[in-house]
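Heads up: the structure comes next, in structure tokens.
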Amino acid sequence: MNFQFPHFSAALPEIFLLSMTCLVLLTELFMKYSRSVVYVLSQVALLGTAILFILGFNNISYTTFNGHLIFDALGSLLGIFICIIACIAFIYAKHYTRDRNIPNEYYILGLFSTLGMLVMVTAQSFLMIYLGLELLSLPLYAMVALQKDSPTATEAAMKYFVMGAIASGMLLYGLSLLYGVSGSLNLPAVASAITTMPEKQHLVLVFALVFVIAGLGFKLAAAPFHMWAPDVYTGAPTAVTAFLASAPKIAALGMAFRLLITALPQIVSQWHELLIILSVLSITIGNVIAIAQSNLKRMLAYSAIAHIGYMLLGLLSGNAQGYSAALFYILVYSIMSVGGFGMIVLLSRRGFEAENIEDFKGLNSRNPWLAFMMMLLMLSMAGVPPTVGFFAKLLVLKAVVQTQMVWLAVFAVLLAIVGAFYYLRVIKTMYFDAPGDPTPIACASDTRLMISINSLALLVLGIFPGALLEVCRVAFGL
Amino acid sequence: MNPIPISMLIFYLFAGIAVLSAIMVIASNNPVRGVLFLVVTFIASSGMWMMAQAEFLSLILVLVYVGAVMTLFLFVVMMINIELTSQKRKFSYYLPFGAGIILLLVLMMLIALHPQYFSFGSMPSGVLPKGANTELLGKVLYTNYAYPFIVAGVLLLTAIIAAISLVHRRPRDCKSQQVTEQIKTRRELRVRIVNLPSEKKED
């Protein structure tokens, strides 16, 4: 028996978050009707975890807990952003959940889901990746169904659950084949076992890889595994959509990094080709179908599929520059995504969901500041220069061009122009159409402040992208 | 020609039962029968685990899944009323599509899965160190696998919370006295003195 006592400091953020979550759970039980206490404690838990990650952020990388957990810059960076994005989503959800009788379990399940994401992005074995994935998904299924009196939410939860179960099954099958071939659950050990394999046995690996990529594709909602995304995004309560459309994407990219780069670097040429298919399909389907949508939540769901396609461009380039570009893209996308759904939350009120593009008619004359914030979000999603969305797209395209795939870059740019149409249509609706709904917009000051910070962050990061770019490079040792 | 080893025969017996009963789980019209076929699948897979020298897992599968989980599941299935006819039509509607995909997958598996890793030669026979399965598992579960073990525990806790939060309904419109509020009340909140102009009685 070779048992080494683990370095608990490596798992300090996860331990803190788990303890705080249990505290929130007990608080909710004994102080039943105090929403604000539960809310504040949840925020303290998330911010504390983010601070622990920031304090521990450095270039050292080591595995502990018998090789199940890795402490490195990539995991810490992903962890920081997961916590911050979850924190922003909770701020948007505060008034929304209170007005719609969504129980306090929203925060508790959200915290457990965040814990699952952290476990997944710091995982170093198949076992931890799978456990983290389940801990991330299971609370999300329940969160979608939390609004019990809404039939669409229940339907969305059912679809999400069935699709998620299929995805987990596929991923598990792929992982079990990899385990059968390499005889180890540990990611670096799998990689070294593959190095010593004869070339012709790579067929088994490719077969396993197809299942692993399919599982990843489901979680990222990349075409052709995207079918669940529009229905779930539309059917779920908007506050839940804001959460599940942002932070889990960061975690899913973290899982892709761990599985593809740490465990399967020897068959990069094989997953490179699979990812090209996924990327081209996602960009095309996302951008083209989004044009036909009149429901903003549905439009943003298709735009999410397209954005995942762009992010995959960075991942498929197969070098450290590309990986850091993909990382930058997903971090920026999660900020835009949580802001976009946050805006829908903000304009909604009890008994009314501002989820149609029509509901944004003449927003400029009703509330110029919010219209300006929404314009920033849309411009950033479209990738217009002063905002950070431009840099994100530029970096992934640069990574693709550097790997001699100019056709792919040209294709991506052409469809980005198609995509700009539906983002600009929202801006046109806000600024040039007459307002249809005369009700004044009543939103709480903390939500209004958060959406302002969220949107302005896209502008500020667009003008000064240096710091974020630098940490994304550090995460891959550049 | 070599005689077929008895272990291989037993394996194919269990594997055949597992696959057939798994197909019957989704093919049978009656959900109660489906659950019972699932029980058969579990028992057959526990037999296969036993052959792979994983006797602890094999027995746990029978005890926990067959003995407890599936029994509960059976109660649930018996209680809900499911239309049988609509199910049948849908099954035959999706059958060609599903069968096509399964055929494709099986073909790919036959081509891709290399016998070096997935044949009887790679079954663990006599490779395990001495000692009962339970003892070996117990030694690593709380040491080398402590982290996954705890996370799995958290996962179960989450499942409990998720299930309760979906099913539990708080008593709504439940009227109750709030004593602190009652004590803190002031006169102005309860009594309003209104100045009315005095009226003269008209004759």
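Just so you know, all these numbers are worked out from the coordinates, no wet-lab data involved. Everything quoted here is computed from the prediction, not taken from an experiment. Cβ coordinates were reconstructed from backbone atoms using ideal geometry, including for glycine residues, and neighbour counts include every protein chain displayed.
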*Tell me, A:R350, A:R35 in order of fewest to most beta-carbon neighbours within 10 Å?*
A:R350, A:R35
*Which entries in the list A:K249/A:K393; A:K398/A:K428; A:K94/A:K148; A:K249/A:K398; A:K249/A:K297 go over 20 Å, if you measure between the two C-alpha atoms of each?*
A:K398/A:K428; A:K249/A:K398
*If you plug each phi of the range A:56-72 into the Karplus form 6.51 cos²θ - 1.76 cosθ + 1.60 with θ = phi - 60°, what whole-Hz ³J(HN,Hα) values come out, in order, with x for Gly and Pro?*
x, 5, 7, 7, 5, 9, 8, 9, 8, 6, 6, x, 8, 10, 10, 10, 8
*Relative contact order (%) - the range A:162-218, alpha-carbon pairs under 8 angstrom, separation at least six*: 58
_Inter-label distance, nm, simple model (7 Å from Cα along the C-beta direction), A:D446/A:D433_ = 3.3
*Over the range A:26-78, what is the mean sequence separation of C-alpha contacts under 8 Å (at least six apart), divided by residue count, expressed as relative contact order in percent?*
24
*Based on the alpha-carbon gyration tensor of the range A:44-157 and its eigenvalue square roots a ≥ b ≥ c, which shape applies: rounded if a/c is under 1.5, prolate if not and a/b is larger than b/c, or oblate?*
oblate
*Cα gyration tensor shape of the protein assembly as shown, rounded if a/c is under 1.5, else prolate or oblate by comparing a/b with b/c*: prolate
*Across the range A:40-53, in residue order, what do the Karplus-derived ³J(HN,Hα) couplings come to in whole Hz, using 6.51 cos²θ - 1.76 cosθ + 1.60 with θ = phi - 60° and x for Gly and Pro?*
5, 4, 4, 5, 4, 4, 5, 5, x, 4, 4, 5, 4, 5
*Take A:R425, A:R298 and order them by how many other Cβ atoms sit within 10 Å, fewest up front.*
A:R425, A:R298
*Cα centroids of the range A:52-79 and the range A:86-146: how far apart, whole angstrom?*
21
*asked:* When a/c reaches 1.5 or more, the comparison of a/b and b/c decides; with that in mind, is the range A:7-68 rounded, prolate or oblate per its Cα gyration tensor?
replied: oblate
*Give the order of A:S150, B:S21 when sorted by the count of other beta carbons within 10 angstrom, beginning with the fewest.*
A:S150, B:S21
*Only helical DSSP H runs with n ≥ 4 go in: add -39500 (n - 2.57) per run for chain A, normalise by residue count and round the 222 nm mean residue ellipticity to 500 deg cm²/dmol.*
-25000 deg cm²/dmol
